[in-house]
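Written out below as structure tokens is the structure these notes cover.
The values are calculated or read from the model by the stated rules, or taken from the named source; none is laboratory data. All values reported here derive from a predicted model rather than from experimental measurement. Cβ placement follows ideal geometry from the backbone for every residue including glycine, while neighbour counts extend to all protein chains displayed. Protein only, heavy atoms only, side chains kept; ligands, DNA and RNA dropped before computing areas. Shrake-Rupley method; radii C 1.70, N 1.55, O 1.52, S 1.80 Å.
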Amino acid sequence: AATDESGTLSPFHFSRRENGDEDVTLKILYCGVCHPDLHNLTNEWGFTSYPVVPGHEIVGVTTKVGKNVTKFKVGDRVGVGVMVGSCKTCECCQQDLENYCSQIIFTYNSHNPDGTKNYGGYSDMIVVDQRYVLRFPDSLPLDAGAPLLCAGITVYSPMKYYGMTEAGKHLGVAGLGGLGHVAVKIAKAFGLKVTVISTSPQKESEAVNRLGADAFLASSDTAKMKSAIGSMDYIIDTVSAVHPLFPLLSLLKVNGKLVTLGLPNKPLELPVFPLVSGRKLVGGSDFGGMKETQEMLDFCAKHNIAADIELIRIDEINSAMERLARSDVRYRFVIDVANSLSAVGVVDTSAPLKKSCVLYYTSSVLGESIKQIRALRTRSISEVERPSRHNTA
């Protein structure tokens with residue numbers, strides 16, 4: 001776990017709560033490495049509570065269920081995403097929008113109502129209220145499906161809410177990383193025409209030939225940007241570096257919609273003139289509620305959608321973090337938790353599932369990674385595509 005803003009990582013042992021009547025205990029098999037893990041590790045958002053154990057793209061199998069659990073049984077394939085609790089009674093919770101509940105409890109770097117602290121999925125097991133556990137479709141691979149629990153729902157939710165699902169409409173995806181590459185796949189499944197907008201011209205072949213985008217637009221190519229003015233119905237902006245919105249707004253048709261998903265560390269400038277003159281809309285979106293997240297998983301299973309991943313062992317986590325800091329991943333790291341545990345001797349997996357062990361190790365490379373992260377934060381979209389809050393996009 002990380003114990004201070006230096007970001008130094010070291011093994012950390014802690015106990016999970018006992019399985020309650022409404023709880024599901026699962027053995028963690030895989031956990032995605034999401035960009036908030038780096039944000040929280042170094043307290044970049046200013047609210048990290050140390051020690052912090054990251055991980056909110058968790059998949060595994062159930063090992064125990066409470067007496068009131070009706071949705072799951074022992075041996076089921078299940079997932080846990082960004083949240084593990086909410087008030088259950090407010091308007092948002094009643095509308096299946098638990099992710100917008102003012103009392104949301106995140107999977108890690110959060111506290112329960114009784115004051116106990118939550119630790120994430122870089123560990124061997126977790127205990128979660130059944131409401132916040134997801135059924136993982138049999139046809140979805142557990143490893144490549146894990147990132148859908150954050151990246152997948154983060155792009156699926158705005159597509160549904162903002163009406164970006166009409167076949168034949170033109171969607172621009174700004175940024176081709178963890179979020180962006182999943183957005184392309186989901187959009188194509190909806191029947192949309194998709195153009196990837198990127199600062200990196202070298203990504204064109206990958207966007208079109210590997211991911212199935214219809215077109216590619218290099219934002220540094222002034223002539224091509226000009227020729228694309230007024231050509232798109234919607235744009236999903238996954239970039240979380242400080243960047244100008246005017247070039248993106250200019251690509252929209254009249255009544256076009258720009259939805260931003262990234263969280264830059266400084267405010268973006270919003271030009272009003274193109275909004276007024278084109279009756280355009282700028283909106284935002286977070287991840288989705290539990291009902292919508294399950295819907296997304298089922299949709300992805302039906303259309304054979306999973307993330308493009310690099311599967312890593314736990315002893316590779318620090319080099320993975322270093323690469324993540326400079327956006328050097330195609331497109332998501334996923335930790336092979338179960339197969340890493342016994343290999344590195346972190347925990348006796350035959351022991352009762354009460355105590356959990358974090359899979360972090362101290363490494364000198366992390367200090368350099370942190371410097372890179374903070375340096376990249378100050379750069380603009382014209383220089384770098386930063387991963388979004390929820391992933392590596």
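The modelled label-to-label distance between Ser227 and Arg210, using points 7 Å beyond Cα along the C-beta direction, is 2.5 nm. For the chain, the alpha carbon convex hull comes to 130 Å³ per residue, rounded to a whole number. For the range 177-226, a/c is not less than 1.5, where a ≥ b ≥ c are the root eigenvalues of the C-alpha gyration tensor, and a/b tops b/c. That puts it in the prolate class.
Note: the range 226-271, Cα convex hull, 69 Å³ per residue.
Applying 0.36 nm per residue to the separation of Gln94 and Lys67 and subtracting their alpha-carbon distance, the gain on full extension is 7.3 nm. Applying D = kT/(6 pi eta Rh) to the range 1-83, where Rh is the Kirkwood radius over alpha-carbon pairs, T corresponds to 37 °C and eta to 0.692 mPa s, the Stokes-Einstein value obtained is 229 µm²/s. Over the chain, DSSP H runs of length four or greater, each weighted -39,500 (n - 2.57), average out per residue to a 222 nm ellipticity of -7000 deg cm²/dmol. Using the alpha carbons alone, the radius of gyration of the range 33-176 stands to its Kirkwood radius in an Rg to Rh ratio of 0.98. Using equal-weight Cα scatterers in the Debye expression, the normalised intensity of the range 143-287 in log10 at q = 0.13, 0.15, 0.22 Å⁻¹ is -0.51, -0.69, -1.60. Applying both filters, DSSP loop and at most 12 other Cβ atoms within 10 Å, to the GluC sites (Glu not before Pro) of the range 210-299 gives Glu269.
Per residue, the chain exposes an accessible area of 39 Å² to a 1.4 Å probe, with every protein chain left in place.
Residues considered: Val282, Val33, Val173. Largest GNM mean-square fluctuation over the chain, using C-alpha springs under 10 Å, is found at Val282. Considering only Leu149, Leu263, Leu297, the Gaussian network model of the chain with Cα springs below 10 Å gives its largest mean-square fluctuation to Leu263. Of the DSSP H helices in the chain, those that are both long (alpha-carbon extent of 15 Å or more along the helix axis) and hydrophobic (Kyte-Doolittle mean at least -0.5) are 151-161, 178-189, 365-377. Within the listed set Asp298, Asp21, Asp233, the residue fluctuating most in the Gaussian network model of the chain (springs between alpha-carbon atoms under 10 angstrom) is Asp21.
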